[in-house]
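The values are calculated or read from the model by the stated rules, or taken from the named source; none is laboratory data. Worth saying up front: this structure is predicted, and the values here are computed from it rather than measured. Here the Cβ positions follow ideal geometry from the backbone for every residue, glycine too, while neighbour counts run over all protein chains shown. All accessible areas refer to the heavy atoms of the entire protein, side chains included, with ligands and DNA or RNA removed. Shrake-Rupley method; radii C 1.70, N 1.55, O 1.52, S 1.80 Å.
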Amino acid sequence: MAILICGGAGYIGSHNVVNFINKGENVVVVDNLQSGHKEAVHPDAKFYEGDIRDAQILDKIFTENKIDAVIHFAADIVVSESVINPLKYFNNNVYGMQILLGAMVKHGIDKIIFSSTAAVYGEPERVPIFEDDRTAPNNPYGETKFMMEKIMKWVNLAHGIRYISLRYFNASGCIEDGSIGERHNPETHLIPLILQVPNGKRDHITIYGDDYPTPDGTCIRDYIHVMDLADAHYLALKYLRGGGESNIFNLGNGKGFSVKEMIVAAEKVTGQKIKTVIGKRRGGDSARLIASGEKARKILGWSPKFTDIEEIIRTAWNYHSKH
Ligand code: UFG
C-alpha cells in the first residue's frame, strides 16, 4: 500500500513527502513541475511527472500502484495572481480536483487529505478564527479552495470518499537540515522575500500597505511551520484510517505577526539591517488572519512544535543562506 501525494515537488508537498517517508509510508508523487522542483522530491518516493487534470496519468498511477489515500497539494497558490488571472485558478484548482476525485471514484480510493487555506474566510469577523466562522473568500484563490472543499463534501455523500480539509494559515520555515525549502519563481511570499535582502539578492523589501486597521498598519498573519503542517497531515491520515469522519481543521499557531514585526524578527535572526519601502496595498489581502488551532489539537491530537517566530525564521534562513 502507498499514499499518493499530488504536488509533492512543491514547498509544502516536498516537506510532507519527507515526513511521510520518515514515518514509514510508501510514497508516490505526481507533480507537473509547473512550480515544483524535481530535486526537492525525496529519492525514496516514486515520481510521476504529470498533471492532475490529465485523467490518463491518474489512471496509470492508480493502476500501477496500490493507493490507500491521496494527499492533495497540487494547486496554484498566489493570491495576487489569482485576482488578475482568476480563470487559471478555476481551471487548475477546481477542475483539477474534479478530475482527481473522478479517478479516485473509478479506482475505489476512499480517503483524501486536502490542503485548504485561511483565505476561505476572507476578512474575518473575529480573530482567532474558528472553523465554523463565516466563510467569504475575498480573492479567487480562496474561492477555488472553498469550492474544492464543497466538491469533496458532495462526492463524499455520493461516493463515500472521506476527506480532511486542512486550512493552513501562513506556511513558513523549512526542514531543519536545510535540504529543501520555500522557493517560488518568481518569489511572492513574505519570508523568502525578506531573506533575499540579507542574502544580497534584493536591495529592500516592499511592505504592501501600512494603512490597514492593525496596530502598526501592516497586515497580520499567523505563521505556522511547514513541518508542523506535515505532522498534521500524518495525524489526519491516521484519523481517516481509524475510521474518522470527514472534517475540516484550521492549522495555525494562534499568534499573529505584522509584516513590520516579521521584518524586525528577521533582522534579529540574520543579524542584519533589512531595508524597507512602503508600497501600495496588494489585491486580495485580508488585514488580519489568525487561527484557532483548538479543534485540530482536540480531535487530531496535533501540537505544533515551532511556536517561536524567530525559530521559524531561523529554519528558513538556514535554507536560504545555503541556497
Ligand atoms: N507582503 C509584503 N511584501 C511582500 C510580500 C508580502 O508586504 O513583498 C505581505 C502581504 O501583503 C501579506 C503578508 O506579507 O500581508 C504575507 O504575504 P504572503 O504572500 O507571504 O502570504 P499570503 O498571506 O498572501 O498568502 C499565504 C499563502 C496562501 C494562503 C494564505 C493564507 O500564499 O496560500 O497565506 O493566509 F492562503
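A compact table of results
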{"quantity": "Filter pass, residue 70 being assigned to a strand (DSSP E or B) and either crowded, with 22+ Cβ neighbours inside 10 Å or within 17 Å of the chain's Cα centre (by Cα) (or both)", "calculated": "yes"}
{"quantity": "Any hit, the stretch 213-222, residues being more than 9 Å from the ligand (Cβ to nearest atom) and surrounded by 16 or more Cβ atoms within 10 Å (Cβ to Cβ)", "calculated": "yes"}
{"quantity": "Hey, residue 284 in contact (Cβ under 8 Å) with a residue 12 or more places away in the chain, on the phi > 0 side of the Ramachandran plot and within 22 Å of the chain's Cα centre (by Cα) or not", "calculated": "yes"}
{"quantity": "Residue count, the stretch 267-276 (criterion: out of contact with any strand residue (DSSP E or B) (no Cβ under 9 Å at 6 or more places or on another chain) and open to solvent by less than 80 Å² (accessible area, probe 1.4 Å))", "calculated": "5"}
{"quantity": "All positions within the stretch 87-135 that are open to solvent by 30 Å² or more (accessible area, probe 1.4 Å), within 15 Å of the ligand (Cβ to nearest atom) and part of a helix (DSSP H, G or I)", "calculated": "88"}
{"quantity": "Qualifying residue in the stretch 5-23 (condition: over 23 Å from residue 171 (Cα atoms), surrounded by fewer than 18 Cβ atoms within 10 Å (Cβ to Cβ) and free of Cβ contacts under 8 Å to residues at least 12 places away in the same chain)", "calculated": "no"}
{"quantity": "Subset of the stretch 155-183 (residues that are under 18 Å from residue 227 (Cα atoms), open to solvent by 40 Å² or more (accessible area, probe 1.4 Å) and of a type outside the set (Gly, Ala, Ser))", "calculated": "170, 176, 177, 183"}
{"quantity": "Condition met for residue 202 (closer than 25 Å to residue 234 by Cα and open to solvent by 10 Å² or more (accessible area, probe 1.4 Å))", "calculated": "no"}
{"quantity": "Qualifying residue in the stretch 288-306 (condition: out of contact with any helix residue (DSSP H, G or I) (no Cβ under 9 Å at 6 or more places or on another chain), more than 16 Å from residue 124 (Cβ to Cβ) and in contact (Cβ under 8 Å) with a residue 60 or more places away in the chain)", "calculated": "no"}
{"quantity": "Residue within the stretch 176-187 that is at pLDDT below 95, in a loop (DSSP other than H, G, I, E, B), of a type in the set (S, T, N, Q) and within 11 Å of the ligand (Cβ to nearest atom) present", "calculated": "no"}
{"quantity": "Candidates 279, 293, filtered to the one that is under 18 Å from residue 80 (Cβ atoms) and either in contact with a Phe, Trp or Tyr (Cβ under 7 Å, 6 or more places away or on another chain) or open to solvent by less than 20 Å² (accessible area, probe 1.4 Å) (or both)", "calculated": "279"}
{"quantity": "Condition check for residue 195: in contact (Cβ under 8 Å) with a residue 40 or more places away in the chain, open to solvent by less than 10 Å² (accessible area, probe 1.4 Å) and more than 15 Å from the chain's Cα centre (by Cα)", "calculated": "yes"}
{"quantity": "Elements of type strands (runs of 3 or more DSSP E) contained in the stretch 189-261, each with 2 or more residues being more than 30 Å from residue 152 (Cα to Cα)", "calculated": "205-208"}
